[in-house]
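Please read the structure below before turning to the comments.
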Amino acid sequence: MAFHDIRFPANLSFGSVGGPERRTEIVTLTNGFEERNTPWEHSRRRYDAGVGLRSLDDVETLIAFFEARRGQMFGFRWKDWSDYKSGRASRAVTPFDQIIGTGDGARVEFGLCKTYRSGEASYVRPVVKPVRGSVVVAVDRDQKVEGPEFDIDTTTGVVRFSTPPAVGVAVSAGFEFDVPVRFDTDRIQTSVASFQAGDVPSVPVVEVRV
């Protein structure tokens, strides 16, 4: 899929509105009970970076980014300020934040993921766009060194070890990550509010599968 490995300017995404979206099919039976099903295994996120007045420099940066992506044509990275770390937003990333697999003595590749829990229910979200330089990894709570002991593909979120983790040991990781998105419009409307500021009422983006 057409994707540019570049992040939307983080200062422009700050203050944006958005979050996860699910698709649930609901059928109400004649007895009043419901049957619910979903065709989506994973949620899809939508955002809108149009938060009103911007400096004219910001407007120019936005238009340049939009034009370079050819509107909806090319995907890009997006920082979701409400959910961009493997652990709690208030804490620093640690190599023990998320369990990403269990060693079997042969497997060397593990995909990054983030688990969301509430009560007894949980959801595992694949993380495919980690931020370069932010990934830390541990095997059996022993932190590993990037380069000699493991490598991270920041375009797919796959950790590859030089030596397979032993049978039964937990493989964990911590990281910051971006959301792969595209513009959800082929038109950006702006207006100049003053000699120093412009208005960008709507900049919709939507998550893409990569």
Query raised in the report: What's the extension gain from Asp186 to Arg125 if we count 0.36 nm per residue and subtract their Cα-Cα distance?
Result: 19.1 nm
Report summary line: Glu149 and Thr115 label points (each 7 Å along its Cα→Cβ direction) are spaced in nm at 2.2
Query raised in the report: Just how much of Arg54 is accessible, in Å², when a 1.4 Å probe is used and the result is rounded to the nearest 10?
Result: 40
Requested in this report: Please give the length that would be gained between Glu67 and His4 if that part of the chain were fully extended, namely 0.36 nm times their separation in residues minus their C-alpha to C-alpha distance (nm, one decimal).
Outcome: 21.4 nm
Query raised in the report: What does the helix-only formula give at 222 nm for the chain: each DSSP H stretch with n ≥ 4 adding -39500 (n - 2.57), the total divided by the residues, and the result rounded to the nearest 500 deg cm²/dmol?
Result: -2000 deg cm²/dmol
Report task. Report, to the nearest 10°, how far helix 56-68 tilts away from the longest principal axis of the Cα atoms in the chain, using its own Cα long axis and a range of 0 to 90°. Result -> 60
Requested in this report: Can you tell me the FRET efficiency between Val17 and Arg209 if r is taken as the Cβ-Cβ distance and R0 is 22 Å, rounded to the nearest 0.05?
Outcome: 0.50
Query raised in the report: Under the classification rounded if a/c is under 1.5, otherwise prolate if a/b is larger than b/c and oblate if not, where does the chain fall, given a ≥ b ≥ c as square roots of the Cα gyration tensor eigenvalues?
Result: oblate
Query raised in the report: Where in the chain lies the longest segment free of chymotrypsin sites (Phe, Trp or Tyr not before Pro) that are both loop residues by DSSP (not H, G, I, E, B) and have at most 14 other Cβ atoms within 10 Å?
Result: 82-194
Query - All lysines inside 23 Å of Lys144 as judged from Cα atoms, apart from same-chain residues fewer than 8 positions distant - result: Lys85, Lys114, Lys129
Query raised in the report: Residues of the chain: accessible area per residue at 1.4 Å, in Å²?
Result: 57
Report summary line: A chain fully extended from Thr102 to Thr24 at 0.36 nm per residue, minus the present Cα-Cα distance, gains in nm 24.9 nm
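The values are calculated or read from the model by the stated rules, or taken from the named source; none is laboratory data. This one's a predicted model, so the numbers in the text were calculated from it and none came from an experiment. Quick reminder, even Gly has a Cβ in these numbers, built from the backbone with ideal geometry, and neighbours come from all protein chains shown. To get the accessible areas, we keep the full protein, side chains included, count just its heavy atoms, and leave off ligands, DNA and RNA. Shrake-Rupley method; radii C 1.70, N 1.55, O 1.52, S 1.80 Å.
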